[in-house]
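For reference, the structure is listed below as structure tokens.
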There are 2 protein chains.
Amino acid sequence: MTTMLEVTDVTAGGCCTPLQREPLSAAEADQLATTMKALADPTRLRLLSIVAASEGSEACVCDLIEPVGLSQPTVSHHLKVLTAAGFLTRSKRGTWAYFTLVPGALDRVSQLLTAS
Amino acid sequence: MTTMLEVTDVTAGGCCTPLQREPLSAAEADQLATTMKALADPTRLRLLSIVAASEGSEACVCDLIEPVGLSQPTVSHHLKVLTAAGFLTRSKRGTWAYFTLVPGALDRVSQLLTAS
């Protein structure tokens with residue numbers, strides 16, 4: 001696999017086109033790829049979009065099961081992945097868990113894809 | 001799998017919290033997940049970040065091989081995946097292929113993650 005040293009080589013002039021800013025390090029790329037994996041699933045994208053479209057960007061897990069047509073354990077698993085990846089936060093009120101969108105969770109990758 | 005009908009059920013009031021806007025359809029989510037899969041890889045994220053950090057957001061394939069420490073065929077494969085997913089465009093000038101960042105390729109998912 002790649003090392004931090006290789007990134008240093010690029011910016012030190014191993015590369016023929018000078019870079020305008022520091023590219024992602026191997027470690028940053030690994031971390032960001034894990035975050036992106038959480039988004040690379042149709043059910044998780046639909047769950048996120050329903051939460052984002054809900055009033056106050058918050059939805060009860062009870063409202064998320066029927067729309068995606070999957071079992072509660074499966075939906076709970078996907079919500080857990082999205083929460084671990086930093087796209088949602090979870091709070092419990094009474095019987096139900098509520099999930100709230102974390103705005104700006106995609107900022108790191110948006111910055112990455114901004115032209116220099 | 002899920003159907004378009006289920007999405008209709010949600011917005012028609014099968015869900016107890018009214019939605020502020022239309023969530024992703026199953027078909028849109030499938031397509032977007034494919035796009036996100038292209039980003040869910042550390043090497044591809046590093047390649048994209050090097051192109052984005054290059055002058056004019058354009059880089060020669062010859063400048064992308066050394067930084068990621070992989071063979072030319074492997075790097076070319078990753079660049080092909082990024083091009084197919086709409087993150088890069090490819091042009092050939094002389095011996096080398098050049099890759100240019102497509103700004104706004106992430107807009108669809110950014111919109112999705114915007115609070116309602």
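Every read-out reported here was derived from the displayed coordinates using simple, explicitly stated rules and does not represent laboratory data. All of these numbers come straight from a predicted model, not from anything done at the bench. Here the Cβ is made from the backbone with ideal geometry for all residues, glycine too, and neighbour counts use every protein chain on show.
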Notebook entry, point to check: Which order results if B:Val75, A:Val102 are arranged by neighbouring Cβ count within 10 Å, fewest first?
Noted result: A:Val102, B:Val75
Next item on the list: First check a/c for region B:27-111, with a ≥ b ≥ c the square roots of the eigenvalues of its C-alpha gyration tensor; if it is under 1.5, answer rounded, and if not, answer prolate when a/b is larger than b/c or oblate otherwise.
Entry: prolate
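When Cβ neighbours within 10 Å are restricted to other protein chains, what is their mean count per residue of peptide B:57-65?
Working: counts 5, 3, 4, 3, 0, 3, 7, 3, 1.
So the per-residue partner count for this stretch is 3.
Count, for each residue of B:21-28, the Cβ atoms from other chains sitting within 10 Å of its Cβ, then give me the mean as a whole number. Walk me through the intermediate numbers first.
Values: counts 4, 2, 12, 9, 2, 7, 1, 4.
Shielding by partners across B:21-28 averages 5.
Find out how many positive minus negative residues lie around B:Val81, taking Lys and Arg as positive, Asp and Glu as negative, among other residues whose Cβ is under 9 Å from that of B:Val81. It would help to have the intermediate numbers written out before the result.
Details: positive: B:Lys37, B:Arg44, B:Lys80; negative: B:Asp41.
Spelling it out: positives minus negatives among the neighbours equals +2.
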Note to self: Just to check I understand the Karplus step: with θ = phi - 60° and J = 6.51 cos²θ - 1.76 cosθ + 1.60, what whole-Hz values come out for region B:22-35, glycine and proline as x?
What the structure shows: 6, x, 4, 7, 4, 5, 4, 5, 4, 5, 5, 5, 4, 4
Margin query: Just to check I understand the Karplus step: with θ = phi - 60° and J = 6.51 cos²θ - 1.76 cosθ + 1.60, what whole-Hz values come out for region B:71-77, glycine and proline as x?
Written below: 6, 4, x, 5, 4, 4, 4
Next item on the list: Read phi for every residue in region B:55-62 and hand back ³J(HN,Hα) as whole Hz from Karplus 6.51 cos²θ - 1.76 cosθ + 1.60, θ = phi - 60°, with x for Gly and Pro.
Entry: 4, x, 6, 9, 9, 6, 4, 5
Notebook entry, point to check: A:Ser54's amide H: which non-local residues (gap 5+, or another chain) put their own amide H closer than 5 Å, with H modeled 1.01 Å from N in plane and none for Pro or chain starts?
Noted result: B:Gln20
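Rounded to the nearest 20 Debye, what is the dipole magnitude of region A:29-112 about its Cα centre when Lys and Arg each give +1 and Asp and Glu each give -1 at the C-beta? All intermediate terms of the calculation are to be shown ahead of the outcome.
On the way: 8 positive and 7 negative charges, 43 e Å.
Roughly 200 debye for region A:29-112.
Net charge around A:Leu32, counting only other residues with Cβ within less than 15 Å of its Cβ (Lys, Arg = +1; Asp, Glu = -1)? Please report the intermediate quantities before stating the final value.
Working: positive: A:Lys37, A:Arg108, B:Lys37, B:Arg44, B:Arg46; negative: A:Glu22, A:Glu28, A:Asp30, A:Asp107, B:Asp41.
Net of charged neighbours comes to 0.
What does the charge add up to near A:Glu58, with Lys and Arg as +1, Asp and Glu as -1, over the other residues with Cβ less than 11 Å from its Cβ?
Net local charge, A:Glu58 excluded: 0.
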